[in-house]
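Notes to accompany the following structure.
The values are calculated or read from the model by the stated rules, or taken from the named source; none is laboratory data. Please read these numbers as outputs of a predicted model, since none were measured by experiment. Cβ placement follows ideal geometry from the backbone for every residue including glycine, while neighbour counts extend to all protein chains displayed. SASA here: full protein model, heavy atoms, side chains in, ligands and nucleic acids out. Shrake-Rupley method; radii C 1.70, N 1.55, O 1.52, S 1.80 Å.
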Amino acid sequence: MKFAWRIVGVLVGAVFVFASLTKIVDFQPVRFGSPIVFARDIVIGLHHLRFADPMDFARDIDNYKILPWALGVQLAFYLPWLEIICGLALIFRRLYSGALALALALMLVFIGGSIAAKARGIDITCGCFGHISDQLSFAWHMALDFAIVAGVAVLWRWDAGNPRAAERTSR
């Protein structure tokens, strides 16, 4: 059973790392056709790799109309790196309890902000997976976000019930 929890932890961590990388690196959209076309698009995409504009993410944050612009710009520079650290901590199980707490907090704040914006009639671009997820509906974004929250909550529950968790966090 420990192996299954490990897989869930790696998957949740990988989602956080991927989400942060889409805010740092400007990935071009990849077509999911035949495996040959997919491989070709990946190789071409890596050849034209460039950094993303943090102001695009700042505009995505500002679209929620919850925070002042200056704070949104600061978060646009800070949040992707926090997500990378959080994801890597989940993958490599270092500072694990803190990473779980941060991941859960980040997801709950994001879900709350998304629901508040939708309730006010604001049509938002998510920004969570960069421009890769622009075509997903609000319902799909919420389903994905709640699945991530469920994964983090299950990992937290398993970690709390694990008798060796105290030994691991004391290192």
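Below are the figures for this structure:
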item: Gain on full stretching of the segment that runs from Ser137 to Arg59 - 0.36 nm per residue minus C-alpha separation; result: 26.2 nm
item: Computed lengthening from Arg157 to Gln74, 0.36 nm per intervening residue step minus Cα-Cα distance; result: 26.6 nm
item: In order through the range 137-151: 3J(HN,Hα) via Karplus (6.51 cos²θ - 1.76 cosθ + 1.60), integer Hz, x for Gly, Pro; result: 6, 4, 4, 5, 4, 5, 4, 5, 5, 5, 5, 5, 4, 4, x
item: At R0 = 41 Å, FRET efficiency that the Cβ-Cβ distance of Ala119 and Arg6 yields, to 0.05; result: 0.60
item: Which of Lys23, Lys118 is most accessible, then next, and so on - probe 1.4 Å; result: Lys118, Lys23
item: Accessible-area order (highest first, 1.4 angstrom probe) of the listed residues Arg6, Arg120; result: Arg120, Arg6
item: Length released on extending from Leu82 to Ala147, taking residue separation times 0.36 nm less the Cα-Cα span; result: 21.4 nm
item: Under-5 Å amide H pairs with Ile66, H placed in peptide plane, nonlocal only; result: none
item: Long-range amide H partners of Val25 with built H, under 5 Å; result: Ala52
